[in-house]
Amino acid sequence: MKVAVIGAGAIGANIAYRLAERGAEVVLIDGRAPGSGTSGASFSWLSSFPQLSWPEAEARRRLRRSVKAHFDRLAEEIGGDWLDWCGTLTTQGAVPEFDDAVARCREQGAQIEILGAADLRDVAPELALPDAERVAFELRSGWIDAPAMIGQLLRVFRLSGGSLRLGHDVVALAIGGPGAATVGLADGSRIEADLVVNAGGAQATHIAAMAGLAIPVALVPGVMLYGGGGRTGLPRHVVNGARWLIRPDRAFGTAVHWRGAGLTARHGNNGHDGTAMLADVAQSVPALAGVSPAAHRVGIRAMPQGGPVIGRLPWLPRYYSAVSHGGIGWGPVWAEIAAAEILDGTSEAALDTMRPARFYFEAAPDKEV
Ligand SMILES: Cc1cc2nc3c(=O)[nH]c(=O)nc-3n(C[C@H](O)[C@H](O)[C@H](O)COP(=O)(O)OP(=O)(O)OC[C@H]3O[C@@H](n4cnc5c(N)ncnc54)[C@H](O)[C@@H]3O)c2cc1C
């Protein structure tokens, strides 16, 4: 089977790799450099707390519990240095109903220790939190260097026979007929395939529209700041606070996902005072005092209405949708499911509520206009 995957972000790269590893003929297409979309401006956190306390269907929660095992397997398979199980420290103020959330996550198997001020000074002397602030420590959690993961996936993808087409956007899709699907690129070239995967992230709506489909996706900006490289006393864990998330960063020392006020007023960098944001963070991380951001990115989260949109449409079997928020963490999970559904014809029941057909309704005959 020949598959054209559109989008070399965390989701598309995982799917392309998995399909190629399973023996499919795969071409992965991206108009820009792999990992340069939202995956290159992501916090890329992997954790169970508080995520396993969120109200969601048991089938989805079962998938969520499997995420870490997927990453262990993937890291073993493809090698490379992109996964850091450094542990997460979540402050009480970051999670509403903190104690209940801890209890619910523990029921789901998460291993969480509650640290008081003295314990916290032992575990993370680089933090300066108020003594009264309790902290949940989840050791088996961490973060992904997403561009490095994507780079390694693509290296192994190519060794498995996969091919890459970079630098030209997909501008046309013809996938409705009985013959092969055709993908048209901006340079006028065409790629024929048995199936097309839409892993276009924030542009997935436009790609779906080329196939005559409507996939409603909210676009939600998120601010990332980077800095502090070369300083001593930078955080060694992920730290989840009420206004920010912090993690180590290989290029810049520390990465901060600012989630305090003033985020969505503007979609560019200009509306944000990164230095003021880092000054706020420095109250809890003294090593960041006086640091100006070395880099400042705004990533656009693609958040499909009602959650991920994964799978085929019954009337369009040559099209497979792979659009999801949390795509760094979910990428390997969606990839294994997609490969099984595309190559083996299976259907994952846990995804029943995530299918793209949910956006389509039969008009009731007496209500037609
Ligand atoms: C600030 C921030 C923090 C986040 N934190 C986390 C987190 O902690 N954990 C987590 O799991 N997720 C997190 N996310 C979300 C996560 O980053 C995204 O869900 C994920 O990166 C999406 O991956 P993707 O492959 O779908 O999209 P992308 O990485 O955007 O990849 C899509 C690719 O498609 C290409 N493309 C688009 N249109 C076309 C076209 N017409 N032709 C050719 N190529 C095209 C683009 O160039 C791009 O490379 C965060 C996001 C942000 C912004």
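Just so you know, all these numbers are worked out from the coordinates, no wet-lab data involved. Since the model is a prediction, treat every value here as computed from it, not as a measurement. Glycine also receives a Cβ, built like all others from the backbone with ideal geometry; neighbour counts cover every protein chain displayed.
Hey, rough spin-label estimate for residue 220 and residue 289, points 7 angstrom out along Cα→Cβ, what's it come to in nanometres?
Reported label-point gap for residue 220 and residue 289 is 3.5 nm.
I need the P(r) histogram for segment 124-282: all alpha carbon pairs, bin width 5 Å from 0 out to the longest distance, whole percents.
So the P(r) values, bin by bin, are 2, 6, 12, 13, 13, 13, 11, 10, 9, 6, 3, 1, 0, 0.
Once amide H atoms are placed 1.01 Å from N in the peptide plane, what residues at a sequence separation of 5 or more from residue 164, or on another chain, have their amide H within under 5 Å of its amide H?
28
Send over the per residue convex hull volume for segment 32-73, Cα only, as a whole number of Å³.
It is 109 Å³ per residue.
In nm, what is the difference between 0.36 nm times the number of residues separating residue 2 and residue 131 and their Cα-Cα distance?
Stretched fully, the residue 2-residue 131 segment lengthens by 40.6 nm.
Which GluC sites (Glu not before Pro) does segment 87-176 hold that lie in a coil by DSSP with at most 15 other beta carbons within 10 Å?
Counting only loop positions with at most 15 other Cβ atoms within 10 Å, the GluC sites (Glu not before Pro) in segment 87-176 are 97.
So what's the convex hull volume per residue for the Cα atoms of the chain, in Å³?
161
Rounded to the nearest 20 debye, what is the charge dipole size of the chain about its Cα centre when +1 sits on each Lys and Arg Cβ and -1 on each Asp and Glu Cβ? Write out the running numbers ahead of the final one.
Numbers: 34 positive and 37 negative charges, 101 e Å.
Around 480 debye, computed over the chain.
Quick check on the chain: helices-only [θ] at 222 nm, where DSSP H runs of length 4 and up contribute -39,500 (n - 2.57) each and the sum goes over total residues. Nearest 500, please. Walk me through the intermediate numbers first.
Numbers: 9 runs with 92 residues, N = 369.
Only helices count here, giving -7500 deg cm²/dmol.
Pairs of alpha-carbon atoms within less than 8 angstrom and 6+ residues apart define the contacts here; what relative contact order does the chain have, in percent?
24
Between residue 242 and residue 103, what FRET efficiency comes out of the Förster formula 1/(1 + (r/R0)^6) with R0 = 22 Å and r the beta carbon distance, rounded to 0.05?
My answer for the efficiency is 0.60.
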